[in-house]
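First comes the structure, then the notes that go with it.
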Amino acid sequence: MAKKHKTGAVPRPKGRGTVHKGQRQPLRAQFVASIEAIKLGLRRHRVAVKGGLIFGGGVLAFMLIHSRMVETEALAGFLTFTARATGAILNLFGASAQVDGTLISSPDYSMRIVTECTGLVPMAIVVCAVLAYPSTAKQKAIGAALGIVAIFVLNLVRTVSLFFIGGHFSTSFFNTAHFLIWQPVMIVVAIVLWLFWAEKLVRVTAH
Amino acid sequence: MSPRTRLILIFAGKAVGLLIAISVLWSFLIAMPYNRALVAITDSLSGAEIILGEDFEEADRVRLGLKEDSIYIGLPPGPELYGYLEGPALHYGMLLVISLIAATPALGWRRRFKFIPLALVIMFALQVSTILVFAKVCLSGQFASENLFVILFITLGTALFPALIWGVLCYKYWWPKAV
């Protein structure tokens, strides 16, 4: 007959593994116990570990591609496309902007679109996060596509707003808006897009 | 609207609101002392001469088109400059990590006050490493924007580390397990 324990009390294992008060485990046993604890932790959080590895691998792959893409026609084409789209929106607001390659100029202000102005890093973050989160291939494809389009559109809002700020406010205000507000806001938006995707598409579909 | 959707919207609003508030404080009060701290530490650790734009003579600054808040890499004793990093382009990671941790739902105040300083210290170390790696790459004559390590450190020290630490906190304290 099994021995009764008080409610909530966990029976202590007896035998070789038991460590009594004042008695230290040998180094090897401590090492084995640590390895076992790590294994248990990895098993318990395997979904998160797998997700973390996919995210990390994805980001590293993005950086490798990014470092090889500098001065390539593909990146130059994307920069020019961003500059043209920004110029077109600026002209909708009557800015009389002219676009020459990646340079946008108007009587008020001139601005060059560089790699950091394309929102590639927030796009990479949202795509890697979508790929890392447990979901179906279709959900991932929809999430990645929506994330890229949303970040691209928001980036156009950013470049247009910065062009106006550059033309009408001081350099220090432009720098604050450019680096300290818009750059982190893009990352926050990438995170929020991922959260909405996980909540609205993955979780709701799963239920 | 589901409770979690509401929480996401509150999180987004808080994070952006905090970013705007902190960025104003940062640009007026902290940006230059922080730049000075970065330059002082990296200059003492690196073999290169790392100079803040503000420290150049005004005539030189105007002649060379230097920015006050940029960090320039040179070799002592000559004035030849090998490259530069825009100071605020590194700083935004600090603002991001503060606002992400402060805005995350279901995280108690004690945890916020514990994690924010810890994250800031790690970010500072990452940014110092970024400048050191950047200086080494610049002085070796390579094109820094094509160097994988420069891209890795800049991304990690600005956007990636805040997103990663937020992801861990979110997984541990807020977002229910997906599977």
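The values are calculated or read from the model by the stated rules, or taken from the named source; none is laboratory data. Fair warning: this is a prediction, and the values are worked out from it, not measured in the lab. Note that each Cβ is placed from the backbone with ideal geometry, even for glycine, and that neighbours are counted across all protein chains shown. The accessibility values were calculated without ligands, DNA or RNA, using every heavy atom of the protein model including side chains. Shrake-Rupley method; radii C 1.70, N 1.55, O 1.52, S 1.80 Å.
Net charge near B:Asn35, counting Lys/Arg +1 and Asp/Glu -1 over other residues with Cβ under 13 Å of its Cβ?
Every neighbour counted, the sum reads -4.
Roughly how many Å² is the accessible area per residue of chain B, as a whole number, for a 1.4 Å probe?
That works out to 49 Å² for each residue.
How many percent of Cα pairs in the protein assembly as shown exceed 34 Å?
For the protein assembly as shown, the fraction of Cα-Cα distances above 34 Å is 38 percent.
Mind checking the angle between helix B:31-45 and chain B's longest principal axis? C-alpha axes, 0 to 90 degrees, to the nearest 10.
60
How big is the C-alpha Rg of chain A next to the rule-of-thumb value 2.2 N^0.38 Å, as a ratio?
1.59
Which angle from 0 to 90°, rounded to the nearest 10, does the C-alpha axis of helix B:87-103 make with the longest principal axis of chain B?
Value to nearest ten degrees: 10.
Inside 10 Å of the C-beta atoms of B:158-169, what's the mean count of C-beta atoms belonging to other chains?
The per-residue average across the peptide is 5.
Using Stokes-Einstein with the Kirkwood hydrodynamic radius over Cα pairs, what translational diffusion coefficient do you get for the range B:118-179 at 20 °C and a viscosity of 1.002 mPa s, in µm²/s rounded to a whole number?
Answer, rounded: 165 µm²/s.
Sort A:Lys200, B:Lys172 by accessible area with a 1.4 Å probe, largest first.
Largest to smallest exposure gives the sequence B:Lys172, A:Lys200.
How many angstrom separate the Cα center of the range B:138-155 from the Cα center of the range B:45-65?
Cα centres, the range B:138-155 to the range B:45-65: 20 Å.
Can you find, among B:Ser2, B:Gly83, A:Leu92, the residue sitting farthest towards the positive end of the charge dipole of the protein assembly as shown, where Lys and Arg contribute +1 and Asp and Glu -1 at Cβ?
Projecting each Cα onto the dipole axis, the largest value belongs to B:Ser2.
Let me know the charge dipole size of the protein assembly as shown about its Cα centre in debye, to the nearest 20, where only the beta-carbon of Lys, Arg (+1) and Asp, Glu (-1) is charged.
The calculated dipole for the protein assembly as shown is roughly 4140 debye.
Just checking the output field for A:42-50: average partner chain Cβ neighbours within 10 Å of each residue's Cβ?
2
Run lengths n ≥ 4 of DSSP H only: what is the helix-derived mean residue ellipticity at 222 nm for chain B, with -39500 (n - 2.57) per run over all residues, to the nearest 500?
Calculated from helices alone, the mean residue ellipticity at 222 nm is -20500 deg cm²/dmol.
In deg cm²/dmol and to the nearest 500, what is the mean residue ellipticity at 222 nm of chain A if only DSSP H runs of at least 4 residues count, each as -39500 (n - 2.57), divided by the residue total?
-20500 deg cm²/dmol
Using the Cα atoms of the range B:1-159, I'd like the radius of gyration and the largest Cα-Cα distance, Dmax, both in angstrom.
18.2, 64
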